[in-house]
Amino acid sequence: AVDDGTAQLFSEEAGPSDLPPQRTAPVGSTLNESVWQTLKRDLKQIALNLRLVLVPVSKKGTAVRALREWDLWGPMIFSIVLALMLSHKSDSPSKAFSIVFIVLTVGAAVLTFNVMLLSGKIVFLQACSLLGYCTFPLLLAAIAVSPIQLKVLRLAIMLVGVAWASWAAVPFVSASVSEKRKALAVYPVMLLYLFLSWFSLING
C-alpha cells in the first residue's frame with residue numbers, strides 16, 4: 001500500500017497537544033473541597049472569631065485579620081438565637097423577632113457611616129459581622145437573666161453583658177480607625193448594645 005501521508009495527518013490531528021486542556025481550580029480555591037471540609041473550615045473560623053470576642057485582649061494585627069476574613073454564619077446564628085429568646089415571652093413575637101434584626105442592620109449601617117466620617121475603612125458586611133459576633137455576650141446575659149425574677153440582679157447582669165460586648169468591639173473598631181478616634185467609633189456600638197439589653201429586660 002502506498003503511504004500518502006494520510007495516516008500521519010490523522011495521528012497529528014489526534015495528538016495530545018491538540019486535545020482541550022483540563023480545567024483545574026486555582027490554588028487556594030474551595031471549589032473542589034467536600035461539604036464536610038467547607039463546614040469544618042467555617043466552624044473553625046467561627047470559633048476563632050468567637051474567641052476574640054470572649055477574650056478581647058488580642059493584638060491589633062489579629063483584629064485586622066479577623067475583619068479581613070469576616071463571615072456572617074456566626075452573627076446569623078447568634079442573632080437568630082437572641083431574637084428567638086426575646087420573642088418567646090413577648091406579647092408580639094413576630095414584632096420582637098423583627099426588631100432585633102432591624103436594630104442590628106441599622107446599627108451596622110450607622111457604624112459603617114460613622115467609621116467613614118472618622119476617616120476609617122470598613123464595609124457594611126464587615127460591620128454586620130462585627131456587631132453580630134460582639135452580640136454573643138449579650139446573648140449569654142439574656143440566657144442568664146431568663147430564670148431570674150429580681151430586677152436589680154437582672155439589670156446588673158445585662159449591664160455586664162453590655163460592657164463585655166462593647167469591650168469586645170474595641171479591638172475590631174480600633175482596627176478600622178485611628179487610635180485617637182476609637183472612642184468616637186465605639187460610642188454608637190455601646191448605645192446599640194444598651195438598647196438591646198433594655199429590650200432583653202422588657203421581653204425576657
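Miscellaneous remarks
- Some residue of the range 109-121 being within 15 Å of the chain's Cα centre (by Cα) and either free of Cβ contacts under 8 Å to residues at least 40 places away in the same chain or open to solvent by 70 Å² or more (accessible area, probe 1.4 Å) (or both): yes
- Boolean, GLY74 is under 18 Å from ALA47 (Cβ atoms) and not in a loop (DSSP other than H, G, I, E, B): yes
- Residue list for the range 96-120, restricted to those being part of a helix (DSSP H, G or I) and of a type in the set (Ser, Thr, Tyr): SER98, THR105, THR112
- Residue check for ALA168: open to solvent by less than 70 Å² (accessible area, probe 1.4 Å) and modelled with pLDDT of 90 or more: no
- In the range 178-193, of all residues being closer than 17 Å to VAL162 by Cα and without any contact (Cβ under 8 Å) to a residue 24 or more places away in the chain, the one that is least open to solvent (accessible area, probe 1.4 Å) corresponds to VAL186.
- Just one of the listed residues (ALA175, ALA141) is closer than 16 Å to LEU67 by Cα, open to solvent by less than 70 Å² (accessible area, probe 1.4 Å) and under 22 Å from the mean Cα position of the chain (by Cα), namely ALA175.
Every residue, every condition in (1) outside any helix (DSSP H, G or I); (2) modelled with pLDDT under 85; (3) of a type in the set (D, E, K, R); (4) out of contact with any Cys (no Cβ under 6 Å at 6 or more places or on another chain), yes or no:
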site: SER11; (1), (2), (3), (4): no, yes, no, yes
site: GLN22; (1), (2), (3), (4): yes, yes, no, yes
site: LEU31; (1), (2), (3), (4): yes, yes, no, yes
site: SER58; (1), (2), (3), (4): yes, yes, no, yes
site: TRP70; (1), (2), (3), (4): yes, yes, no, yes
site: ASP91; (1), (2), (3), (4): yes, yes, yes, yes
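- Residue list for the range 62-91, filter: free of Cβ contacts under 8 Å to residues at least 60 places away in the same chain and open to solvent by 50 Å² or more (accessible area, probe 1.4 Å): ARG65, ARG68, GLU69, TRP73, MET76, ILE77, ILE80, VAL81, LEU84, HIS88, ASP91
- The lone exception for GLN149 - which of (1) at pLDDT below 90; (2) of a type outside the set (Phe, Trp, Tyr); (3) assigned to a helix (DSSP H, G or I); (4) surrounded by fewer than 20 Cβ atoms within 10 Å (Cβ to Cβ) it fails: (3)
- Pick from the range 92-108, criterion open to solvent by 70 Å² or more (accessible area, probe 1.4 Å) and among the hydrophobic types (A, V, I, L, M, F, W, C), ranking: farthest from GLN126 (Cα to Cα): ILE102
- Yes/no for LEU130 being at pLDDT below 90, of a type in the set (A, V, I, L, M), open to solvent by less than 40 Å² (accessible area, probe 1.4 Å) and at negative phi: yes
- Scan of the range 152-161 for residues that are open to solvent by 10 Å² or more (accessible area, probe 1.4 Å) and touching a Leu at 6+ places or on another chain (Cβ under 8 Å), ordered by number: ARG154, LEU155
The values are calculated or read from the model by the stated rules, or taken from the named source; none is laboratory data. Just so we're clear, the structure is a prediction, and the values are computed from it rather than from any experiment. Reconstructed Cβ throughout: ideal geometry from the backbone, glycine too, with neighbour counts over all protein chains shown. In case anyone asks, the SASA skips ligands and DNA or RNA and just uses the protein heavy atoms, side chains included. Shrake-Rupley method; radii C 1.70, N 1.55, O 1.52, S 1.80 Å.
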